[in-house]
1. Suppose the chain between Asn202 and Val147 were pulled fully straight at 0.36 nm per residue; how much longer would it get relative to their current alpha carbon spacing?
2. My understanding is that a pair violates if its Cα-Cα distance is over 25 Å; which of Lys196/Lys234; Lys45/Lys201; Lys46/Lys201 do that in this structure?
3. Can you tell me the FRET efficiency between Arg51 and Asp24 if r is taken as the Cβ-Cβ distance and R0 is 41 Å, rounded to the nearest 0.05?
4. Provide the FRET efficiency to the nearest 0.05 for the Glu195-Phe138 pair, computing r from the beta carbons and using R0 = 25 Å.
5. Report, by chain and number, residues whose modeled amide H sits under 5 Å from the one on Leu166, excluding near sequence neighbours (fewer than 5 apart, same chain).
6. Using 0.36 nm per residue of separation minus the Cα-Cα distance, give me the extension gain between Arg35 and Arg172 in nm, one decimal.
Amino acid sequence: METFASIFVSLLAASKILNTLIVDRDEIIANSAIRASRVIDSLQKKETVRRRWTFTLDEDRSNPPMKRDAFVKDDDNEGIPIFTLKTPLKLGQNRNLNLFEPRWLHMIDSISNIVGSNSDLKETPYPQFVAVSCPNKFYSCVATNGVEGRYADIIFSKEGRTAALLETKEGRRPISGDRRIRCSIEGGENVVVDEKSVLIKNEGYMVIQERDTNLQDDPVAVVENEELEVKAIKIVVIAGLLHANGIIDRLSESTTVKNI
């Protein structure tokens, strides 16, 4: 009798755990579909921009000498660099960045003179770039010109802020010993990126081609006097029969999906 009771309790506990896992899986898949619909909606409304490109990995930039001029030309700063963040940078907000990818090292080197292992950029105006939030990004390994490279598919918000580079600190990654830069930045004025001025550097990051119409002060001006044709968004969700009803229920409860 005790053995039967023990088995019954174990099965009951297992069923509750399984049910919890199923519910969590339903929530995760449904939320992913909702996020996807929001991203597509933002593209249709021209609130975000999508860029796709390939670039090679310049591993030499991971371990360059600690002097900028050794690997970045003085005239190699054409355009204002764009840096993507998961969440928007706020006015006056301070953030710390830990950068180690060659493209971001090149970006920092292109806007500042880093001499020695530490650099405190106390002179104003501070070097600046544009920080934009990035609701969706995808990278994959590809062969570019016979060498290792990356394919990038980035969706980023047109609205961003200037980011002042307050301080940089040189370092090395713990295991590989590759170069790393710790940066302190501060959010500045609000800007709107003109998507027609966005170019791709050979090093793999985006820049805004310098011209008078690159940065607009009024975010509303992006879609002013322009009628947008917003089509219904169709998203295919692949799930097993075990999750289908739960996912449909959660999507039907979402005001976001109904509105879109």
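Each value in this text was obtained by applying a stated rule to the coordinates, not by laboratory testing. The shown structure was predicted, so the numbers you read here are calculated from the model rather than taken from an experiment. Positions of Cβ are generated from backbone atoms using ideal geometry, with glycine treated the same way; all protein chains shown enter the neighbour counts.
1. Values: separation 55, 0.36 × 55 = 19.80 nm, distance 1.39 nm.
Difference between extended and current length: 18.4 nm.
2. On the way: Lys196/Lys234 28 Å; Lys45/Lys201 27 Å; Lys46/Lys201 23 Å.
With Cα atoms farther than 25 Å apart: Lys196/Lys234; Lys45/Lys201.
3. On the way: r = 34 Å, r/R0 = 0.83.
Using R0 = 41 Å, I get an efficiency of 0.75.
4. Numbers: r = 19 Å, r/R0 = 0.75.
Using R0 = 25 Å, I get an efficiency of 0.85.
5. Answer set, sorted by chain and number: Ser184, Ile185, Glu186.
6. Numbers: separation 137, 0.36 × 137 = 49.32 nm, distance 3.61 nm.
45.7 nm is the gain from fully extending Arg35 to Arg172.
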